[in-house]
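The values are calculated or read from the model by the stated rules, or taken from the named source; none is laboratory data. If you're wondering where the values come from, they're calculated on a predicted model, not measured in any experiment. Here the Cβ positions follow ideal geometry from the backbone for every residue, glycine too, while neighbour counts run over all protein chains shown.
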């Protein structure tokens, strides 16, 4: 028997989890959403730190000569990839609220959480022009809502 203080929610549908989109997100309890956001941001921070470590290591091994261009290209690619995973300055409460708002729009429902997190992060940071964010979102919607 459940106590009066326990929250009653429907069990998560494992098939919706496979979709990893707004249909699944909307089935989560507020606590589950918070834990997902916290875990996601922690994982992205860890990945970013690993990539930055590789950038640092590869930079130390950079040598003049025939391999210089390919070494430099690898460093630049790793740096760009590390920025994709940059959630360091994101307020998790605002991120969670932004994801909830993102999925209230029916056209966003089929967009995966990975893209939703990137879009909300970029919206919150203000580092990406709103016009560019709108264009990107329109492209994602066109793909998932065929």
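Run down 34, 15 and say which single residue is surrounded by fewer than 16 Cβ atoms within 10 Å (Cβ to Cβ), in a helix (DSSP H, G or I) and modelled with pLDDT under 90. Explain how you work it out, then say what you get.
Working: 34 fails: modelled with pLDDT under 90.
Within the list 34, 15, the selection yields 15.
Output yes when any residue across region 80-87 is loosely packed, with under 12 Cβ neighbours inside 10 Å, out of contact with any strand residue (DSSP E or B) (no Cβ under 9 Å at 6 or more places or on another chain), assigned to a helix (DSSP H, G or I) and not assigned by TED's automatic domain parsing to the domain that holds residue 33, and no when none is.
No, the conditions are met nowhere in region 80-87.
Search region 98-119 for residues being within 12 Å of the chain's Cα centre (by Cα) and either in the same structural domain as residue 35 (by TED's automatic domain parsing) or closer than 17 Å to residue 27 by Cβ (or both), and hand back the single one that is surrounded by the fewest Cβ atoms within 10 Å (Cβ to Cβ).
Looking at the filtered set, the residue picked out is 112.
For (1) over 18 Å from the mean Cα position of the chain (by Cα); (2) surrounded by fewer than 18 Cβ atoms within 10 Å (Cβ to Cβ), each residue gets a yes or a no:
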{"residue": "61", "(1), (2)": "yes, yes"}
{"residue": "89", "(1), (2)": "no, yes"}
{"residue": "121", "(1), (2)": "no, no"}
{"residue": "126", "(1), (2)": "no, yes"}
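If you take the residues of region 57-110 that are in contact (Cβ under 8 Å) with a residue 60 or more places away in the chain and in contact with a helix residue (DSSP H, G or I) (Cβ under 7 Å, 6 or more places away or on another chain), which of them is farthest from residue 144 (Cα to Cα)?
Quick first cut of region 57-110, residues in contact (Cβ under 8 Å) with a residue 60 or more places away in the chain only: 96, 99-100, 102-103, 108-110.
With the extra rule that they be in contact with a helix residue (DSSP H, G or I) (Cβ under 7 Å, 6 or more places away or on another chain), the set shrinks to 96, 99, 102-103, 108-110.
Details: 96: 22, 99: 17, 102: 15, 103: 14, 108: 9, 109: 9, 110: 6 Å.
Filtering first and then ranking leaves 96.
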